[in-house]
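The values are calculated or read from the model by the stated rules, or taken from the named source; none is laboratory data. Note that the coordinates shown come from a computational prediction; the quantities given were computed from them, not determined experimentally. FYI the Cβ positions are ideal-geometry reconstructions off the backbone, even for glycines, and counts take in every protein chain you see. Keep in mind that these areas ignore ligands, DNA and RNA; they rest on the heavy atoms of the full protein, side chains included. Shrake-Rupley method; radii C 1.70, N 1.55, O 1.52, S 1.80 Å.
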Amino acid sequence: MRRILFSLLLLGLRAPAEEIRGTLMDPARAAIGKAWILLHSANNSVTRKTLTDAQGAFVFANLSPGGYLIEARAFGLGGGPPKMIALQAGRDAVADIVLELDSLPQRVVVTASGTPLSIDATAKALDTTELADIERRAEFSMTEVLRQTPGMRVQQLGGPGALTQIHTRGLRSFDTAVVVDGFRLRDAGSPQGDATAFLGDLLVVDPARVEVLRGSGASLYGSHAIGGVIQIVTDPGGGPLHGEIATEGGGLGFFRGLARVSGGAAKDRLQYSAGVAHMNVARGVDGDDRARNGSVQSSAQFLFTPQSRLSARVWAAGTFTQLNSSPFAGATANLPSHGLIGAIPQVTFIPALNDPDARRSGRQVSALLSFVQELRPGSTLRFGYQGLTTSRDNRDGPAGLRFPPAFNNSSKFDGLIHSLQARIDSTLGRHQLLSAGYEFEVEQFENLATDENPNAARRLSARTRVRQRSGSVFAQDQIRLFDSRLLISLSGRLQRFALRQPEFEGGVPAYSTPRFDAPPDAYTGDVAVAYLLRPGAKLRAHAGNAYRAAALYERFGTFFFSGAFSALGDPRLSPERALSMDAGFDQYFLGSRLRTGATYFYTQLQNVIGFGALLGADPFGRFSGYRNVRGALARGVEWSAEAALTSSTRMLASYTHTRSQQRNSVFVEGFLYSPRVPRHMGTWLVSQRLGNRIEMTADLSWSGESITPMFAGTGTRGFVFGGARKLDIAASYTVPVSDRWRVQLFTRIDNALNQTWFEDGFRVPKAWAVGGLKLLF
């Protein structure tokens, strides 16, 4: 490996270095100073940014020959498509950019293919939210950023820091993959091995943008990418030193502090960014829902040569959350004898009760190291390693009101994932980009259960540990034909697993006798096609299959009771499989001031893993647990629109209609409704700038009624909860105090309509507000 890396560095040292320079101008051809220019190499080897000088000039030096995309962002101006530059050996390039006043920006994204593309040059349904948009809405949580995404429902079970679930296109909460800088973020210790347990802990710290792929992404991103992919892209740094220091506080006993810095050194050969945030909730929804979160996110990259780059990224968080008991059905006398049950608090169901000694502490650390070497113009080799550790400690005691334990206990879930990836991206001629790679992954799940029984002889200390490794081969071919009007993307992935014998300590193992087979091989494929009818009009279609092997907990999950392990998992579980497709169009009107699109989507879960009562003899002595059941079907229509009404007014809107049905009912009466999936959802956002100092944003997300399963009487009944109407309003006032420093006062009103609703029986906060101060430089 040392010889290979040394040879690659020597190859880079001998390669030429060129530069791209240009001037940023407004429609009157006047120079625009102090505006950000972003540069993306077509093969994803370089991402850089710089600031224009007073004359609007910018320059990117130390570049290797190849294709590049350049986009500009200036206060008070629109955008337009990114500029494409072909940089040739021995020749510098000039890229003058003219920004329009009212046109919509066409951002560069990477999630659709793993390589940079203009969002209008992708063949898949994709949305992106930039950091500037996040700050304009004064959001502090990543999940709140996602509420404006078409087809995506965000369920927060309580106030800030509470468990948060995301349902994409009528599917389950774990059918959406979360990716950070190209590597999966998930919890190997959670029941489904996904990221749901930590979604509510993801604060806005140091992102450049958030991208959402709607539709299958399993052939590129592997497990859990059935309904979609959420990718958080860390700020790569670069340019002159800039950042912010912010503090805010207000309702619910909420306080947050944030510091963020970004820049470059050594003529931008070293680029860096870092952010640190702390959130503290002293009261929460019921006055005793405390929550704390300390997070850090940072990245750095160093260019040894124009062709060689080493980068690193860290995202870590430590959290504490006060928990409540789970909601439950009301007295049988208050419930109808059959049919769906209207959810009436304190009558047909009892909302989550305060539990003063139930709490959860968590920790997650994701560290990424990557090396990129350009082999020739248009051909790049990448090596990446991510180490991901997660830990959740759920504690409870005897002070609760509903089935409290006799004494304090703890159930700790630890996950560890090592991921190593090698990938090559190479252009074949002018119209084809071929990508291929190999990914090796090792994951470990460990569950430690303890209690504080005063009788030391009966004190609990039980541990389960399982380890698994997998290897994946993947490939993708992106083809452009007919003067780039026809876009075709083909991709595939093969994944193979190997399992170690699980270990049990502290009791008689529930799975001690047999040797267990590894999950079967996974084969996934994906095809996406788009055709540009004319400038500003695009037809697109996307289809693929997805695969999810049973999580380690689903196969070997246990709980400890009466001195012995009791099994929940089944080592024989078959994997989940799904087929999905979507088709739609995107169209610009009014000279790129209005963009609208519509998509029909269809997803069939062919075979899934469910949890429920077991009939007949079970080899592991289980009465209930995980088992294979028939899947589900979700289909519907998404519509979205974005408009630049004027140079200072922007509006977004979306509507989603979803029909989702189970093939195996979770309800005692046999209803096939999919839990937690409303038939109607919509969003609306308007942003208004008043002069150069005042900005105001209002964003509304709403959903129709949905059904939540609860145990009532002799089985699980369906409780119908009313829909949500959540309006958030943010405003800011910015005052320049010098050429470098600005002061910003801002406020945010959450749930401004003061609505009362329940998510799965957990009450969400009514109207609450915060105010804050920022120092920008």
Show the residue pairs meeting these rules: Cβ distance below 9 Å; 6+ apart or different chains; first residue within the stretch 59-86 and over 21 Å from residue 100 (Cα atoms) and free of Cβ contacts under 8 Å to residues at least 40 places away in the same chain; second residue in a strand (DSSP E or B) and not small (Gly, Ala, Ser).
86/68
Across the stretch 267-317, the tally of residues that are open to solvent by 60 Å² or more (accessible area, probe 1.4 Å) and more than 24 Å from residue 242 (Cβ to Cβ) stands at 5
Restricted to the stretch 630-645 and to residues being more than 17 Å from residue 106 (Cα to Cα) and open to solvent by 20 Å² or more (accessible area, probe 1.4 Å), the residue modelled with the lowest pLDDT is 630
Open to solvent by 10 Å² or more (accessible area, probe 1.4 Å), modelled with pLDDT of 95 or more and not aliphatic (A, V, I, L, M): does that describe residue 423?
yes
Which one of these does residue 429 not meet: (1) part of a strand (DSSP E or B); (2) open to solvent by 60 Å² or more (accessible area, probe 1.4 Å)?
(1)
The helices (runs of 4 or more DSSP H) lying wholly within the stretch 115-218 that contain at least 3 residues that are closer than 30 Å to residue 41 by Cα are 131-136, 142-145
Quick check on the stretch 646-686: of everything there that is under 22 Å from residue 125 (Cα atoms) and of a type in the set (Lys, Arg), which residue is least open to solvent (accessible area, probe 1.4 Å)?
650
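Every residue, every condition in (1) over 21 Å from residue 195 (Cβ atoms); (2) open to solvent by 10 Å² or more (accessible area, probe 1.4 Å); (3) over 21 Å from the mean Cα position of the chain (by Cα), yes or no:
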residue: 67; (1), (2), (3): yes, yes, yes
residue: 70; (1), (2), (3): yes, no, yes
residue: 92; (1), (2), (3): yes, yes, yes
residue: 100; (1), (2), (3): yes, yes, yes
residue: 108; (1), (2), (3): yes, no, no
residue: 141; (1), (2), (3): no, no, no
residue: 153; (1), (2), (3): no, yes, no
What's the total number of residues in the stretch 198-220 that are surrounded by fewer than 24 Cβ atoms within 10 Å (Cβ to Cβ) and either among the small types (Gly, Ala, Ser) or without any contact (Cβ under 8 Å) to a residue 40 or more places away in the chain (or both)?
1
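In the stretch 621-662, how many residues are of a type in the set (Gly, Ala, Ser) and not in a strand (DSSP E or B)?
Counting residues in the stretch 621-662 that are of a type in the set (Gly, Ala, Ser) and not in a strand (DSSP E or B) gives 3.
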Is at least one residue of the stretch 752-771 touching a strand residue (DSSP E or B) at 6+ places or on another chain (Cβ under 6 Å) and polar (S, T, N, Q)?
yes
Going through the stretch 233-266 in order, the residues found to be touching a Gly at 6+ places or on another chain (Cβ under 8 Å), open to solvent by 20 Å² or more (accessible area, probe 1.4 Å) and aliphatic (A, V, I, L, M) are 241, 252, 259, 261
The listed residue being assigned to a loop (DSSP other than H, G, I, E, B), touching a residue at least 24 places away in the same chain (Cβ under 8 Å) and under 20 Å from residue 146 (Cβ atoms), out of 677, 668:
677
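This table checks each residue for (1) at pLDDT 95 or above; (2) closer than 29 Å to residue 217 by Cβ; (3) open to solvent by less than 30 Å² (accessible area, probe 1.4 Å).
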{"site": "457", "(1), (2), (3)": "no, no, no"}
{"site": "472", "(1), (2), (3)": "yes, yes, yes"}
{"site": "475", "(1), (2), (3)": "yes, yes, no"}
{"site": "489", "(1), (2), (3)": "yes, yes, yes"}
{"site": "506", "(1), (2), (3)": "no, no, no"}
{"site": "509", "(1), (2), (3)": "no, no, no"}
{"site": "515", "(1), (2), (3)": "no, no, no"}
{"site": "518", "(1), (2), (3)": "no, yes, no"}
{"site": "532", "(1), (2), (3)": "no, yes, no"}
So residue 738, is it more than 24 Å from the chain's Cα centre (by Cα) and of a type in the set (Gly, Ala, Ser)
yes
Take the stretch 574-593 and flag every residue that is touching a helix residue (DSSP H, G or I) at 6+ places or on another chain (Cβ under 9 Å) and within 25 Å of residue 517 (Cβ to Cβ).
578
Among the residues of the stretch 60-78, write down those that are in a strand (DSSP E or B) and aliphatic (A, V, I, L, M).
61, 63, 69, 70, 72
From the residues in the stretch 307-328 that are modelled with pLDDT of 95 or more and among the small types (Gly, Ala, Ser), which one is nearest to residue 268 (Cα to Cα)?
311
Would you say residue 710 is at pLDDT 95 or above and either open to solvent by 50 Å² or more (accessible area, probe 1.4 Å) or under 22 Å from residue 164 (Cβ atoms) (or both)?
no
For residue 376, state whether it is open to solvent by 30 Å² or more (accessible area, probe 1.4 Å) and among the basic types (Lys, Arg).
yes
Can we say residue 54 is small (Gly, Ala, Ser) and either assigned to a strand (DSSP E or B) or buried (at least 20 other Cβ atoms within 10 Å of the Cβ) (or both)?
no
Please determine whether any residue of the stretch 40-50 is hydrophobic (A, V, I, L, M, F, W, C), open to solvent by 30 Å² or more (accessible area, probe 1.4 Å) and part of a strand (DSSP E or B).
no
Could you tell me which residue of the stretch 91-105 is farthest from residue 131 (Cα to Cα), considering only residues that are touching a Pro at 6+ places or on another chain (Cβ under 8 Å) and at pLDDT 85 or above?
98
